[in-house]
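The values are calculated or read from the model by the stated rules, or taken from the named source; none is laboratory data. For clarity, every value in this text was computed on a predicted model and none was experimentally measured. Reconstructed Cβ throughout: ideal geometry from the backbone, glycine too, with neighbour counts over all protein chains shown. Just the protein is used for accessible areas: all its heavy atoms, side chains included, with ligands, DNA and RNA removed. Shrake-Rupley method; radii C 1.70, N 1.55, O 1.52, S 1.80 Å.
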Amino acid sequence: MSATSIFILGIVGAAVLAAAGIFTVAVRRGSSAGPVTGTFDRRAVRKDRQRVAAAATGGGVATIAEPETDTAVEADAAPPEEIDDSVGVTPLVQKRQISAAEYGVTRRQFFNRAIIGLFGGVFLGSLGLGILAFLWPKLKGGFGSKIVAGSVADLRNQIINSDGTLSPLFFPAAQSWLVPIDDASIPGSSFEGLSVAAGGGAGEPSLMALWQRCVHLGCRVPSCESSQGFECPCHGSKYNFHGEYQDGPAPRNMDRFVLEIDDATGDLVIDTGQVIQTPRSKVITIPYPQGPTCL
Ligand code: FES
């Protein structure tokens with residue numbers, strides 16, 4: 001999925017959230033649907049009072065002059081008076097006090113909630129986009145995907161010492177130990193037929209990428225150059241430099257990743273999305289220990 005696709009998805013998500021917020025507010029309003037009742041404003045009260053007065057004095061149709069300005073209304077407005085039924089005139093409008101529950105959601109409340117829903121949706125959408133943007137580099141090129149380790153020849157030179165001993169190269173991005181393996185030792189081993197070695201040929205060994213995680217309980221396994229192996233400090237599992245089980249509670253060889261060579265550059269590519277598990281080797285491809293152990 002491209003970055004543009006994720007961005008568009010984020011926008012759509014934000015729009016959906018905003019629509020959901022508005023819909024929720026509308027539903028809340030709808031749930032209290034019914035006759036809208038409430039108290040009258042001052043202008044209405046004043047008109048009502050004028051009608052009552054006109055009816056009491058002349059009985060004709062009262063003509064009510066509109067106030068010139070709202071200020072005038074404010075100045076002229078007086079607290080609503082209780083209608084005196086003793087004059088024998090039927091009030092034109094009966095007032096009734098109602099509760100907040102009866103009144104339901106006012107227009108102002110509706111718009112307030114709609115705005116809150118809208119901005120809440122936009123906020124959540126933006127948050128989602130931020131999280132995607134944070135994760136995107138990892139999804140694109142981090143652990144769990146294919147990682148370019150570099151030139152096979154350069155890597156090999158960093159691993160194989162001039163005296164023939166090995167110094168496994170730790171490659172943090174892939175959480176892997178890179179080790180060499182002679183192609184001739186693979187047939188009949190636990191690695192035969194698996195895409196766990198690459199870059200060999202012309203008398204040069206291939207490379208393998210061993211996951212640093214101990215297959216017992218997941219501790220990070222360091223290398224031990226004196227013994228030419230990997231030795232786990234947690235419970236003492238030991239593996240040779242090909243990651244083959246040698247001792248301890250580990251149930252199998254060290255796990256390893258699928259490898260491939262980039263056709264265009266010749267670089268070693270570690271596919272950390274594909275982990276290969278192998279059982280304890282019946283045929284050991286490299287001796288261990290070759291010196292004092294570290295544990
Ligand atoms: S985690 Fe390595 S031996 Fe237990």
Review point. Out of curiosity, is Gln175 surrounded by 14 or more Cβ atoms within 10 Å (Cβ to Cβ) and either among the polar types (S, T, N, Q) or touching a strand residue (DSSP E or B) at 6+ places or on another chain (Cβ under 9 Å) (or both)?
Key: yes
Review point. In this structure, does Val196 turn out to be among the β-branched types (Val, Ile, Thr), open to solvent by less than 30 Å² (accessible area, probe 1.4 Å), touching a Leu at 6+ places or on another chain (Cβ under 7 Å) and not in a helix (DSSP H, G or I)?
Key: yes
Review point. How about the range 217-295: which strands (runs of 3 or more DSSP E) wholly inside it have at least 3 residues that are open to solvent by 30 Å² or more (accessible area, probe 1.4 Å), in contact with a Pro (Cβ under 7 Å, 6 or more places away or on another chain) and at pLDDT below 95?
Key: none
**Study point:** Any hit, the range 203-223, residues being without any contact (Cβ under 8 Å) to a residue 12 or more places away in the chain and under 19 Å from Arg156 (Cβ atoms)
**Key:** yes
Review point. Quick one: how many residues across the range 199-215 are in a loop (DSSP other than H, G, I, E, B) and surrounded by 18 or more Cβ atoms within 10 Å (Cβ to Cβ)?
Key: 6
**Study point:** the range 127-144, residues that are modelled with pLDDT of 80 or more and either in contact with a strand residue (DSSP E or B) (Cβ under 7 Å, 6 or more places away or on another chain) or of a type in the set (Val, Ile, Thr) (or both)
**Key:** Phe143, Gly144
